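Below you'll find the structure, written out as structure tokens, and then a few comments.
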Amino acid sequence: MIKVVKFGGSSLASAEQFKKVANIIKAEKERRYIIPSAPGKRYSADIKVTDMLYECYGLASKGKDYKQSMENIKTRYNEIISELGLDLSLENEFKIIEAGFVGRSGRDYAASRGEYLNGIVLATYLGYEFIDSAEVIFFDDYGNFDAERTNTAVAEKLSGIEYAVIPGFYGSMPNDTIKTFSRGGSDITGSIVARAIKADLYENWTDVSGVLVADPRIVDNPAVINTITYKELRELSYMGASVLHEDAIFPVRKEGIPINIRNTNAPEDEGTMIVESTSKKSEYTITGIAGKRGFTTVSIEKDMMNSELGFCRKVLEEFEKQGISIEHMPSGIDTMSVFVSQEDFVKKEQEVLAGIHRNTHPDTIDIESDIALIAIVGRGMKSTRGTAGRIFSALAHARVNVRMIDQGSSELNIIVGVDDCDFEKAIQAIYDIFVTIQL
Ligand code: ADP
Ligand code: ASP
Ligand code: MG
């Protein structure tokens, strides 16, 4: 049995956390390939090393004074090294990094050094081989992740190595420059390694005891989800349940490898199993709730719209031309609404509106901003009557005005749109109707 284990930033934020991590790793000989993130926050007002690196690079690449900023980063690592009593100096590494910053080797290179250095420290502490991810994780010329080339390279490299540390978050481009995944991307690296070596389990260790029914920053002490499917988790993570990167399920899904989310600070908790499919029912009809603020709706009205061939396509084309992706698109007989990210839309709104007017001649176009979308996700909803009814009565009782309703065609989720200002109240109300009243 082989396990790939990934530790997030808060799990590796200090020497004390490193000790917990080493205990977890050494507790099972199957935990063979370790993916570390960069040191994260030690307390809520702290700054992640990744953010410190972006800031430092910003200064150095603009020719500004970056010395103090670099010093603060060195201190984060040196504190960990000295408190662990390691015989290790990163002085030479920092010389190379500093030269890279001044020589403008790129923001991605800068950010990746957080994981790179933490990987060296962790490998030294554990006595495991260190593998630079630049040698095995590849992107193509366009910056897209090169899954198959990577898969072969990781499998080959690890075939003769029993225990290794492979830093998360980055890989290399064909021209040898460094590229990172998007933020939180160490989760993806773990999944890639798990696929390549056909692991039995991908353990993802973080600072909560699993995927929770709702965001713990909104709902106080939410229930833990025992088992969730890849599909359900993808819906939740896309809609803001940030516990696992939304793309991290793809590599393991190819091999049907389950992911187990665990808590570094409570290793006795079983956490959440993320699986391809399961006969286990969700405990609360719904599996989870997640949401995001900051959407705009563009509602277009035109008599006889439904009989006009190609109408929707023409409208959507105007968004596509401006590079705006569509979140949801509920429609009626003579109306259609398009939900888009407010941030993306404001920059191009006049171009989009002019295009729609020119090409579809609508009766009216109405725009509303500051909408939040909430996804209620659950494999059990398909076979349970009254779920939507319960959601809406909960929202009505909480005096939340529902702006939009959209049920996904897979019947795996129901999306509701509410005013931004009602966002947290709405999530709490939905949580209460399904979970609190059952506890
Ligand atoms: P790591 O640094 O270990 O990768 P992250 O900060 O990326 O950890 O993810 C864990 C955090 O995700 C939790 O501390 C929690 O605040 C947040 N989170 C948001 N939604 C959820 C959810 N539904 N379940 C669990 N955690 C969630
Ligand atoms: N350190 C990176 C970040 O802060 C990647 C990760 O933590 O997964 O986004
Ligand atoms: Mg994360």
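Readers should treat all values here as calculations from the given coordinates under stated rules, not as data from a laboratory. Since the structure is predicted, the reported quantities are computational estimates derived from the model, not experimental observations. FYI the Cβ positions are ideal-geometry reconstructions off the backbone, even for glycines, and counts take in every protein chain you see.
Please give the direction-averaged projected area of the C-alpha convex hull for region 29-68, in square nanometres with one decimal. Mind dumping the intermediate values first?
Values: hull surface 18.5 nm².
The directionally averaged projection comes out at 4.6 nm².
Helix-only mean residue ellipticity at 222 nm, the chain, DSSP H runs n ≥ 4 weighted -39,500 (n - 2.57), per residue, nearest 500. What is it? Before the final figure, lay out each step's value.
Details: 13 runs with 168 residues, N = 439.
-12000 deg cm²/dmol, from helical runs alone.
Write down the radius of gyration of region 304-396 and its Dmax, each obtained from C-alpha positions, in Å.
16.3, 45
Can you tell me the order of 327-335, 229-237, 164-172 when each peptide is scored by its average per-residue count of other Cβ atoms within 10 angstrom, highest first?
Highest to lowest by the protection proxy: 164-172, 229-237, 327-335.
Starting from the eigenvalues of the Cα gyration tensor, five times each then square-rooted, give me the equivalent ellipsoid semi-axes of region 1-134, largest first, whole Å. All intermediate terms of the calculation are to be shown ahead of the outcome.
On the way: eigenvalues 144, 45, 36 Å².
Calculated on Cα positions only, the semi-axes equal 27, 15, 13 Å.
Which whole-Hz couplings ³J(HN,Hα) result when phi for each residue of region 65-79 is put into the Karplus expression 6.51 cos²θ - 1.76 cosθ + 1.60, θ = phi - 60°, listed in order with x for Gly and Pro?
Per residue, the Karplus-derived 3J(HN,Hα) values read 6, 10, 4, 5, 4, 5, 4, 5, 5, 4, 4, 4, 6, 5, 4 Hz.
Looking at region 355-429, what % of the alpha carbon pairs are farther apart than 17 Å?
Numbers: 1448 of 2775 pairs.
Of the Cα pairs, 52 percent sit more than 17 Å apart.
What is the chain by shape, rounded, prolate or oblate, if you read a ≥ b ≥ c off the alpha carbon gyration tensor as root eigenvalues and call it rounded for a/c under 1.5, prolate for a/b larger than b/c, and oblate otherwise?
Working: a/c = 2.00, a/b = 1.49, b/c = 1.34.
Taking the square roots of the gyration eigenvalues as a ≥ b ≥ c, the chain is prolate.
Using the Cα centre of the chain as origin and beta-carbon charges of +1 (Lys, Arg) and -1 (Asp, Glu), tell me which of S409, S277, A123 is placed farthest towards the positive end of the dipole.
A123
How large is Rg over Rh for region 245-365, taking Rg from the Cα atoms and Rh as the Kirkwood inverse mean of 1/r across Cα pairs? Show your work: numbers first, answer last.
Details: Rg = 21.1 Å, Rh = 18.1 Å.
Reported Rg/Rh, Kirkwood definition of Rh: 1.16.
Could you list the chymotrypsin sites (Phe, Trp or Tyr not before Pro) in region 18-94 that lie in coil according to DSSP, counting only those with at most 15 other Cβ atoms within 10 Å of their Cβ? Walk me through the intermediate numbers first.
On the way: sites: F18, Y33, Y43, Y54, Y57, Y66, Y77, F94; in loops: Y43, Y66.
Sites meeting the loop and neighbour criteria: Y43.
Taking amide H atoms as placed 1.01 Å from N in the peptide plane, list the residues 5 or more away in sequence, or in a different chain, whose amide H sits under 5 Å from that of T229.
V275
Tell me the angle of helix 387-397 to the major Cα principal axis of the chain, expressed in degrees between 0 and 90 and rounded to the nearest ten.
80 degrees
Percent antiparallel among DSSP beta bridges with both residues in the chain, to the nearest 5? Mind dumping the intermediate values first?
Details: 42 of 65 bridges.
Antiparallel bridges make up about 65 percent of those DSSP assigns within the chain.
Bin all alpha-carbon pair distances of region 95-153 at 5 Å intervals from 0 and give each bin's fraction as a whole percent.
Going from the shortest bin to the longest, the percentages are 4, 16, 19, 20, 22, 14, 5, 0.
Going down the table (K281/K425; K20/K254; K254/K280; K3/K157; K20/K74; K3/K254), which pairs top 20 Å between alpha carbons?
Numbers: K281/K425 27 Å; K20/K254 31 Å; K254/K280 22 Å; K3/K157 17 Å; K20/K74 22 Å; K3/K254 16 Å.
Violating the 20 Å Cα-Cα cut-off are K281/K425; K20/K254; K254/K280; K20/K74.
Which net charge results for the neighbourhood of S393, defined as the other residues with beta-carbon distances under 13 angstrom from its beta-carbon, given Lys and Arg at +1 and Asp and Glu at -1?
On the way: positive: R390, R399; negative: D432.
Here the charged neighbours net out to +1.
What angle do you read, to the nearest 10 degrees and between 0 and 90, between the alpha-carbon axis of helix 15-27 and the longest principal axis of the chain?
For 15-27 against the chain, the angle is about 90 degrees.
Give me the angle, in degrees from 0 to 90, between the Cα long axis of helix 186-196 and the longest principal axis of the Cα atoms of the chain, rounded to the nearest 10.
80 degrees
Rounded, prolate or oblate: pick one for region 224-285, where a ≥ b ≥ c are the square roots of the eigenvalues of its C-alpha gyration tensor, a/c under 1.5 means rounded, and failing that, prolate if a/b is larger than b/c, else oblate. Intermediate results must be reported in sequence, preceding the final value.
Numbers: a/c = 1.30, a/b = 1.16, b/c = 1.13.
Cα axes put region 224-285 in the rounded bin.
Quote the charge dipole size of the chain about the Cα centre in Debye, to the nearest 20; the model charges only the Cβ of Lys and Arg (+1) and of Asp and Glu (-1). Walk me through the numbers before you get to the answer.
Working: 50 positive and 65 negative charges, 135 e Å.
With only Lys, Arg, Asp and Glu charged at Cβ, the dipole is about 640 debye.
Would you work out which of S307, Y202, I97 lies farthest towards the positive end of the dipole of the chain? Charges go on Cβ: Lys and Arg +1, Asp and Glu -1.
Highest projection toward the positive end goes to Y202.
What ranking do 180-189, 291-300, 140-149 get when scored by the average of other Cβ atoms within 10 Å per residue, highest first? Each step should come with its number before you reach the end.
Details: 180-189: 22.8, 291-300: 20.5, 140-149: 12.2.
Taking the mean over residues of other Cβ atoms within 10 Å, the ranking is 180-189, 291-300, 140-149.
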